[in-house]
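First comes the structure, then the notes that go with it.
Please treat every number below as a calculation from the coordinates, not as lab data. All values derive from a computational prediction rather than experimental measurement. For neighbour counting, all protein chains shown are included, and Cβ atoms are generated from backbone atoms with ideal geometry for every residue, glycine included.
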Amino acid sequence: MNVHDSEKILGVLETEGFIRTDNPRFADLIIFNTCSIRQKAEQKFYSELGRIKSYKKINPHLKIAVAGCIAQQEGKKIFKRARHVDFIFGPQNIMALKHFAAEGHVPVAVEENPLIAIEDLPARRSAGISAWVTIMYGCNNFCSYCVVPYTRGRERSRPSEHIVAEVSKIAKEGYREVTLLGQNVNSYESDVDFPGLLRKLDGVGGIERIRFVTSHPKDLSTDLINAIKELPKVCEHIHLPLQSGSTAILKMMNRRYSFEDYIEKISALRDKIPNISITSDIIAGFPGETDEDHRLTLKALREIEFDGTFAFKFSPRPGTKAATIHENLTEEMKSERLYEILALQDTITEKKNKAIEGAIQEVLIEGSSENGNGNLTGRTRTNKIVDIRANEIVKGTLVDVEITKGKKHSLQGKLVG
Ligand code: SAM
Ligand code: SF4
């Protein structure tokens, strides 16, 4: 979501005549698009901000802006900590950048839920075959550990015709895949609900694949499962964060589902779409998490066998309920738990990747492999990265690939036919 917000920031600046430079020393404007989901991201930002202070000596006209969730949360307090900052704007106020860039005023723009957020912002997408499209802003769920409802405000869905128009435009520009973005896409609601939106988008010519993130397990409906199964362009992958395998911890997290509810959703998904890949987020060491709760999370990973998992150590965030709960675990204990989760998931991912060796998969070619081995890279419909021994195929082409090797973080394959 932050990457796409940066594309919108670039889009707004482009309409003001700005040109991007890769060298910050030549810049007249430097913007930090920040994340405050965990403390580590915040620390990194402040150290980078300190580091570029000297650039103002090289270029006295240089302006420095802070965007994103830290900007929203801290507001003008950032000026006190870093006097070299000129402008602060939150994720709901990207349009304010236009006035700052043009006139140099409005030093703080952190208004909550301005209607402007619903309007389409110009986005300068990086060239490629896959594009992000925001379908909704904010979140109403208030999971007890999470800053998002405070920094991105309440849920607001974009009208479906705006989304269809944006996706049609993207298709004309040559993109082949869209990823629909929202903190909880399952609660998208305008003239249609989320499955209805998928049905509309499935009809957009030129787009071959539709993906979406993130789905909240409590709102995953049978209608959505049917839409994934029936709609040819909607890929067989769902990111469905579990967070913990312990129902007691899920309750403390205010996730509003039990582990048993979650398992039911997984069964419903796999019954209807047997080849679906399912990925998850897990938080290690939530306050009050016992050895038994942690064991339940490891047991859940073994039982569910996710295709992949993003796992994080619990990080107390200012203003959230979980930050007020006494932390019973040291950083070291949280790191140990995180390590166990990641190590277990690695073995499961490798096992699942090996299980598809010999299978034929449809791959959308994204470009040259990052390995620098002259191969091509692309993704399966199930969102697995494949390194392919071939070099003549055009970016954006759909090809059939036989999986020759399943590895921990990717697959190897060869072209069929
Ligand atoms: N809206 C999505 C959902 O409900 O799953 C996820 C949004 S959040 C930006 C991405 C992930 O960050 C969460 O799923 C959670 O695992 C993790 N996260 C959020 N707050 C955290 C915190 N305070 N400490 C550790 N991890 C956190
Ligand atoms: Fe944060 Fe929960 Fe909303 Fe996801 S659903 S953004 S974890 S509050």
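So what is the diffusion coefficient of segment 275-350 in µm² per second by Stokes-Einstein at 20 °C and 1.002 mPa s, using a Kirkwood Rh over Cα pairs?
Result for D is 164 µm²/s.
Mind checking the full-extension length gain between GLU305 and ASN371? Use 0.36 nm per residue of separation minus the Cα-Cα distance, one decimal, nm.
Length difference between fully extended and current span is 21.0 nm.
Say the cut-off is 31 Å between C-alpha atoms; which of LYS40/LYS229; LYS44/LYS229; LYS172/LYS384; LYS200/LYS384 go over it?
With Cα atoms farther than 31 Å apart: LYS40/LYS229; LYS44/LYS229.
What shape does segment 296-415 have by the C-alpha gyration tensor, where a ≥ b ≥ c are the square roots of the eigenvalues, rounded means a/c under 1.5, and otherwise prolate means a/b greater than b/c and oblate the rest?
Since a/c reaches 1.5 and a/b is larger than b/c, the shape of segment 296-415 is classed as prolate.
Beyond 31 Å, how much of the Cα-Cα pair distribution for the chain remains, as a whole percent?
45
Quick one: order SER47, SER144, SER335, SER246 by neighbouring beta-carbon count within 10 Å, fewest to most.
SER47, SER335, SER144, SER246
Give me the lysines in straight-line cross-link reach of LYS251: C-alpha distance below 25 Å, same-chain residues under 8 apart excluded.
LYS218, LYS265, LYS299, LYS313, LYS321, LYS334
By its C-alpha gyration tensor, with a ≥ b ≥ c as the square roots of the eigenvalues, how is segment 92-244 shaped: rounded for a/c under 1.5, else prolate for a/b larger than b/c, else oblate?
Oblate is the answer for segment 92-244, as a/c is 1.5 or above yet b/c matches or exceeds a/b.
Among rounded, prolate and oblate, which fits segment 18-122 when a ≥ b ≥ c are the square roots of the eigenvalues of its C-alpha gyration tensor, a/c under 1.5 means rounded, and a/b larger than b/c means prolate?
Cα axes put segment 18-122 in the oblate bin.
Arrange the peptides 303-310, 13-20 so that the one whose residues have, on average, the most other Cβ atoms within 10 Å appears first.
303-310, 13-20
By average Cβ neighbour count within 10 Å, what is the ranking of 285-295, 81-91 from highest down?
So the order, starting with the most tightly packed, is 81-91, 285-295.
Over segment 222-364, what number does the Rg to Rh ratio reach, with both radii from the alpha-carbon atoms and Rh per Kirkwood?
Answer for segment 222-364: 1.01.
What percent antiparallel are the DSSP beta bridges of the chain, to the nearest 5?
Bridges in the chain that DSSP calls antiparallel: roughly 40 percent.
Among ILE403, GLY205, TYR137, flag the residue with its Cα farthest along the positive direction of the charge dipole of the chain, charges on Cβ as +1 for Lys/Arg and -1 for Asp/Glu.
TYR137
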